[in-house]
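Trainee: Let me begin by handing over the structure; questions about it come next.
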Amino acid sequence: MFLIFTQFCISQTKEIDELMISGEKAFSESNFSQAKEIYTKVTNIIPNDKNGWYNLGASELELGENENACEHFYQAFLLNDGEALLLIKKHCPNFRNGTIMSIDDVEEKPKFIYKEKEYPLFDKNGINPKFTEILVRRFKNSRLLYDNYRGRLYVKFEITANDSIDLKIFGIQGDEKKVQAIKDEVKFIFNDMVKYVSAKNKGVNVELWEKWALPITSK
C-alpha cells in the first residue's frame, strides 16, 4: 500500500504540514495506529482534502479495518480520487451492502423520460444522442445563457438512487453574481428538461460509481 504524499500549498497551516509529515513517517515505520490517529486529525481539520481521507483509509486497511477503510476511501473518491475507487472494489466488493455499483454490473441502467417516453440515458457509445439533442435545444432557448455566456463550460453529473441528477459545473469565469446565475440556469435546465430514472439491481434503486462529464460550448 502506498500513501499519497502531499505537495503543500502556502495556504495550508503549519499544523497541517506537520501532521501530514508525521503521518507519512508513522506509516513508513509501520506504526499504522499512530498514522490513523494523525490522519483522523487531518480530516477533521480539512474535510475536503482527498489525500487525508485516502491516507486514513490506507492506514486502516493495514490494520485490517476494511470496512472503515473503504468508508474513508469513499470520501476520497467523492473528492475525485480514482485510485480510492479501485481499492474499494478490491477490498470491499459488497460496499454498503451493494447499494453502490458499477454501471456494467446493474440489471437496469439509468434512463430518462421525455414527453412520457422512456429512453436509455446511455448507449454503447456513451450518452444517448437524444439526451444531448434535448439539452442543446434547451440551452439555445435560454435567454439568460444567450445574453450572458460565451465560452465552454463543463458539467460533471451522476444519477442518484433517488431518480434525480446531481451535477457540478466548472469552467465559468467572470463576475461572481453572473457566474452563479449561469450555474443556477444550467442546473435548472438539467433538472427540468427530463425526468431521471435510477439504475436498478434486483428491483432496487442503486447509486453508481461512475460520473460523466459533458463539455458545453456557447458561441
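Trainee: If we scan segment 99-119, do we find a residue that is more than 30 Å from TRP53 (Cα to Cα) and in a helix (DSSP H, G or I)?
Mentor: No, that holds for no residue.
Trainee: Would you please name the residue that is least open to solvent (accessible area, probe 1.4 Å), looking only at residues in segment 168-203 that are part of a strand (DSSP E or B) and free of Cβ contacts under 8 Å to residues at least 24 places away in the same chain?
Mentor: Here the residue is ILE169.
Trainee: Looking at this structure, is LYS111 touching a residue at least 24 places away in the same chain (Cβ under 8 Å), surrounded by 13 or more Cβ atoms within 10 Å (Cβ to Cβ), charged (D, E, K, R) and closer than 19 Å to ALA213 by Cα?
Mentor: So LYS111 passes the test.
Trainee: Please state which of the following conditions LYS156 fails to meet, knowing it meets all the rest: (1) surrounded by 16 or more Cβ atoms within 10 Å (Cβ to Cβ); (2) modelled with pLDDT of 90 or more; (3) not in a helix (DSSP H, G or I).
Mentor: (1)
Each row is one residue, and each column tells you yes or no for (1) in a helix (DSSP H, G or I); (2) without any contact (Cβ under 8 Å) to a residue 12 or more places away in the chain.
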position: ASN48; (1), (2): no, no
position: ASN51; (1), (2): yes, no
position: ASN55; (1), (2): yes, no
position: GLY64; (1), (2): no, yes
position: ALA69; (1), (2): yes, no
position: TYR74; (1), (2): yes, no
position: PRO93; (1), (2): no, yes
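Trainee: Among the residues of segment 111-154, what is the count of those that are touching a helix residue (DSSP H, G or I) at 6+ places or on another chain (Cβ under 6 Å) and among the basic types (Lys, Arg)?
Mentor: 1
Trainee: A further question on this structure: How many residues are surrounded by 13 or more Cβ atoms within 10 Å (Cβ to Cβ) and under 30 Å from MET193 (Cα atoms) when one looks only at segment 79-97?
Mentor: Within segment 79-97, residues that are surrounded by 13 or more Cβ atoms within 10 Å (Cβ to Cβ) and under 30 Å from MET193 (Cα atoms) number 1.
The values are calculated or read from the model by the stated rules, or taken from the named source; none is laboratory data. Since the structure is predicted, the reported quantities are computational estimates derived from the model, not experimental observations. Every residue, glycine as well, gets a Cβ built from its backbone with ideal geometry; the counts of neighbours run over all protein chains shown. SASA here: full protein model, heavy atoms, side chains in, ligands and nucleic acids out. Shrake-Rupley method; radii C 1.70, N 1.55, O 1.52, S 1.80 Å.
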